[in-house]
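Written out below as structure tokens is the structure these notes cover.
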Amino acid sequence: MKDSYLNFVNSPFGARLARSLGLPKPEVLHRYCADRPEFDGLIAIGAGREPRLLDALANLVTSIGMTSVAHESAALWVPLANRHGLMTGRFEPAESGSHGKLAALLFDASGIEDSSQLEPLHSFFHDTLRSLGKCGRIIVLGRPPEACASPRQWTAQRALEGLTRSLGKEARRGITANLIYVEQGAEHGIEATLRFFLSPRSAYVSGQVVRIGVHTGADALPAFDWIQPLAGRRAVVTGAARGIGASIASVLAAEGAHVIGIDIPTAREALDSTMRQLNGTALAFDIAAPEAPAQIAAALDEQGVNIVVHNAGITKDKTIAKMTDAAWQSVIDINLSAQERIDDALLAAGILRDGGRIIGVSSISGIAGNLGQTNYATSKAGVIGRVQSMAPHLRARGITINAVAPGFIETQMTAKIPLTIREAGRRMNSMSQGGQPVDVAQAIAWLAHPGSAGVSGQIVRVCGQSLIGA
Ligand code: NAD
């Protein structure tokens, strides 16, 4: 659906009017486009004491072809960084001016062990934030607090969350800010995640905290290339006929996967048309039908599957006093129980291959609750519970399970919301706009990536840092 306000305030007249009336001016977000370079420009690097992730950062900067400059907070560590070919110059605030020459700010806080050592974060962001361009990226790297050796270290690392989320709210101009906690020993596994958070692919993901852990089979990641990382993999996407599901199918196919799209028989025509364009396979099944898990397993049996995306979902909104039993039951069944039954069938028979990916689609309603959505929020909170409870069980097989929790995304589902509530939903986030289906799809593609093997059991919001449930 079109966001007329965003288009208006980005016209010359609209921009003037918005400025004079003090209205919010959402930025036109830079999104990934195959025709434009994905990574471009300068990264400023800052660091706290004894940064432990410089090796990994050096690998990243080299492999994506960006240039780095060291802020004085990192200057002490420059000899170490130089050894790895990182930090080609010193960041000079005066030189870079206020027009935003920087594409990204990266701060390695992994060595901070005490709250008294947090000061370099202030000096780095104080000096650099105004030089960060529109739609720039802020990434803070730390250690998972719960794995820290001492209460002081845990405290200091946990403090990074408040900083990162506040930066996302202050920066505006389409800038995202995210925190990545890297477990000790997982340093070599951060590239896919860092690429995602630096790329225009993460345009609508902000204020998130992601943990990268050591994973089973870490020494033997399957081979992949960065252009088509999903080549040779097969991905099932439910609800693929339209909306977010069609976008997920299209992004996974663009990354090389063979997509098997599932949707209800009445959506057959749209499903066929989407799958034809992607050279995919269409399966017209109602996922909530009792026979569906066995039918899906039979259809996939021969070649197996590597990625399962549980996207199909419905709403049947009413306050609980007015909600019928049928409205409650169908939402729980389609949005939650069907996923459990399908996963059980695919896992039991080994149809979902070892090293595979399961990705659920939750919602910020499942985090915050929502008036008129007791059934929907229950189902979407259940998706979160499922991710958290299943992750440890799937670990030995190298299968990861995660969920995305979209905020307000422009689709036929949100077009049904009454105008005033819809407008509020759109604006109540750091980007002052709704997301696009492709924003959810890109986050799913990152979780499906072979290089995301260390990311499991997590819920990542794709909500432009919505105030709801934050
Ligand atoms: P949509 O209604 O446009 O598409 C949903 C698709 O799922 C449709 O093609 C539909 O036919 C299919 N589907 C429904 N029931 C099915 C069943 N029983 N079997 C097979 N397929 C079935 O919705 P959307 O906005 O694209 O949402 C996709 C997912 O994202 C849903 O899980 C939704 O809850 C979630 N989500 C959406 C938003 C948003 O703002 N649009 C926000 C949060 C979460």
With the requirement that a residue be in a helix (DSSP H, G or I) and touching a helix residue (DSSP H, G or I) at 6+ places or on another chain (Cβ under 6 Å), what does region 253-295 give you? Thr274, Pro293
Go through the residues of region 377-393 one by one and say whether even a single one is within 16 Å of the ligand (Cβ to nearest atom), touching a Pro at 6+ places or on another chain (Cβ under 8 Å) and free of Cβ contacts under 8 Å to residues at least 60 places away in the same chain. no
Scan region 277-293 and give yes if some residue there is touching a strand residue (DSSP E or B) at 6+ places or on another chain (Cβ under 7 Å), away from the ligand (no atom under 13 Å from the Cβ) and open to solvent by 60 Å² or more (accessible area, probe 1.4 Å), otherwise no. no
Scanning region 369-392 residue by residue, those touching a helix residue (DSSP H, G or I) at 6+ places or on another chain (Cβ under 9 Å) and more than 22 Å from Ala441 (Cα to Cα) turn out to be Gly369, Asn370, Gln373, Thr374, Asn375, Thr378, Met390
Leading residue by the ranking (farthest from the ligand (Cβ to nearest atom)) among those in region 324-335 that are open to solvent by less than 40 Å² (accessible area, probe 1.4 Å) and β-branched (Val, Ile, Thr): Ile332
Looking only at region 423-445, filter to residues that are in a helix (DSSP H, G or I) and either touching a Ser or Thr at 6+ places or on another chain (Cβ under 6 Å) or open to solvent by 30 Å² or more (accessible area, probe 1.4 Å) (or both); which one of those is nearest to the ligand (Cβ to nearest atom)? Pro437
Check Leu371 against each of (1) hydrophobic (A, V, I, L, M, F, W, C); (2) within 12 Å of the ligand (Cβ to nearest atom); (3) open to solvent by 20 Å² or more (accessible area, probe 1.4 Å) and name the one condition it does not meet. (2)
Give all pairs with beta carbons closer than 7 Å in which a residue from region 236-247 that is part of a helix (DSSP H, G or I) and open to solvent by 20 Å² or more (accessible area, probe 1.4 Å) meets a residue that is within 6 Å of the ligand (Cβ to nearest atom) and hydroxyl-bearing (Ser, Thr, Tyr); count only pairs at least 6 apart in sequence or on separate chains. Gly243/Thr411; Ile244/Thr411
Can you name the number of the only condition in (1) part of a loop (DSSP other than H, G, I, E, B); (2) more than 13 Å from the ligand (Cβ to nearest atom); (3) touching a Lys or Arg at 6+ places or on another chain (Cβ under 9 Å); (4) of a type in the set (A, V, I, L, M, F, W, C) that Ala321 fails? (3)
Residue pairs qualifying under the 9 Å Cβ cut-off, at least six apart or on distinct chains, with the first in region 182-194 being without any contact (Cβ under 8 Å) to a residue 40 or more places away in the chain and the second being of a type outside the set (D, E, K, R), are Gly185/Gly213; Gly185/Val214; Gly185/Ala218
Matching entry among Ala312, Ala345, Ala338 (being under 21 Å from Ala240 (Cα atoms) and in contact with a Pro (Cβ under 6 Å, 6 or more places away or on another chain)): Ala345
Within region 1-53, can you find the residues that are open to solvent by less than 20 Å² (accessible area, probe 1.4 Å), among the hydrophobic types (A, V, I, L, M, F, W, C), more than 30 Å from Ala75 (Cα to Cα) and not in a helix (DSSP H, G or I)? Leu29
For Ile314, state whether it is of a type outside the set (Asp, Glu), within 12 Å of the ligand (Cβ to nearest atom) and either buried (at least 19 other Cβ atoms within 10 Å of the Cβ) or outside the structural domain of Gln412 (by TED's automatic domain parsing) (or both). no
If you go through region 403-420 one residue at a time, do you hit one that is free of Cβ contacts under 8 Å to residues at least 12 places away in the same chain, of a type in the set (A, V, I, L, M) and either open to solvent by less than 10 Å² (accessible area, probe 1.4 Å) or part of a helix (DSSP H, G or I) (or both)? yes
For Ser123, indicate whether it is open to solvent by less than 70 Å² (accessible area, probe 1.4 Å), farther than 22 Å from Lys25 by Cβ and assigned to a loop (DSSP other than H, G, I, E, B). no
Mind listing just one residue for me: the one in region 350-364 that is crowded, with 24+ Cβ neighbours inside 10 Å and not aliphatic (A, V, I, L, M) and, of those, nearest to the ligand (Cβ to nearest atom)? Ser363
Single match in Gln228, Gln208 (criterion: closer than 30 Å to Leu42 by Cα, surrounded by fewer than 24 Cβ atoms within 10 Å (Cβ to Cβ) and not assigned by TED's automatic domain parsing to the domain that holds Ile401): Gln228
Does region 300-311 hold any residues that are more than 14 Å from the ligand (Cβ to nearest atom) and either surrounded by fewer than 17 Cβ atoms within 10 Å (Cβ to Cβ) or within 17 Å of Gly360 (Cβ to Cβ) (or both), and which are they? Asp301, Glu302, Gln303, Gly304, Val305, Asn306, Ile307
Only residues in region 249-275 that are within 13 Å of the ligand (Cβ to nearest atom) count as the first member; pair them with residues that are among the acidic types (Asp, Glu), Cβ under 8 angstrom, at least 6 apart or cross-chain, and list the lot. Ile264/Asp286; Pro265/Asp286; Ala270/Asp263; Leu271/Asp263
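The values are calculated or read from the model by the stated rules, or taken from the named source; none is laboratory data. For clarity, every value in this text was computed on a predicted model and none was experimentally measured. Note that each Cβ is placed from the backbone with ideal geometry, even for glycine, and that neighbours are counted across all protein chains shown. Heavy atoms of the whole protein, side chains included, go into the accessibility calculation; ligands, DNA and RNA do not. Shrake-Rupley method; radii C 1.70, N 1.55, O 1.52, S 1.80 Å.
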